[in-house]
1. Quick one: 3J(HN,Hα) in Hz for segment 55-61, Karplus 6.51/-1.76/1.60 with θ = phi - 60°, rounded, Gly and Pro as x.
2. Relative contact order of the chain: what whole-number percent is it, with Cα pairs under 8 angstrom and at least 6 residues apart?
3. Give me, ordered by chain and number, the residues 5 or more places off Asp46 or on other chains with an amide H under 5 Å from its own placed amide H.
4. I need the phi-derived Karplus couplings for segment 90-97: 6.51 cos²θ - 1.76 cosθ + 1.60, θ = phi - 60°, integer Hz, Gly and Pro marked x.
5. For segment 1-50 and segment 93-156, compute the distance between their C-alpha centroids and round to whole Å.
6. Whose amide H sits under 5 Å from the amide H of Ala30, counting only residues 5 or more places off or on another chain, with H placed in the peptide plane?
7. Lysines near Lys76 by alpha-carbon distance under 22 Å, same-chain residues fewer than 8 away left out - which ones?
8. Quick one, what does Rg over Rh come out to for the chain if you take C-alpha atoms and the Kirkwood Rh?
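What follows draws every value from the coordinates through simple rules; no lab data is involved. Just so we're clear, the structure is a prediction, and the values are computed from it rather than from any experiment.
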Amino acid sequence: MAATLTWGVKESFRNYVAGAGGEIETGAGAGRDSAGAFTFTAAADDALRLGPDGKPTGQGRFTGEVRMNAHGGMLKVAIADPHLEIGPSEAALTVIDNGLRNPRRVEFAKLDLAAATTENGELVIPVLLSLDGCSILGDHYPPRSAIDPVRVKPAG
């Protein structure tokens with residue numbers, strides 16, 4: 001189903017990094033849109049589909065990497081390859097936490113599928129920060145903080 005995932009992580013965090021004279025870089029297939037959010041391309045094994053009710057099902061797998069650095073390297077965020085993991089009772093946004101010595105996939109946020117909408121042909125899903133997501137962002141936001149929604153644009 002998915003051709004692209006657009007997600008800004010958290011706009012205020014991006015603004016803080018930029019305002020602190022930091023750098024925001026993308027790579028490995030990720031890019032940025034005109035609003036500064038990050039764009040990721042569907043991976044070859046992407047299995048995200050829309051169910052009969054219009055809600056997503058399956059696993060959305062995307063590729064790309066984002067790095068945000070500020071304060072001479074004291075603030076570092078490095079995430080890659082976001083996945084939308086839709087289960088029978090809950091849904092999560094997971095990422096590879098590349099800020100670790102041994103990168104691993106972690107749950108960055110919970111997806112609120114019940115509040116998902118469609119705007120301009122994109123599925124827009126609200127997102128709430130998880131505990132691992134808090135840690136990745138340097139514990140600047142508490143768990144369940146609203147962060148930027150994910151926007152999924154179908155192929156074709």
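1. 8, x, 9, x, 10, x, 10
2. Value for the chain: 22 percent.
3. The list, which skips near neighbours in sequence, is Arg61.
4. 7, 9, 9, 9, 10, 9, 7, 7
5. If we compute the Cα centre of each part, the gap is 11 Å.
6. Placed amide hydrogens put Glu65 under 5 Å from Ala30.
7. In chain and number order, the partners are Lys10.
8. 0.95
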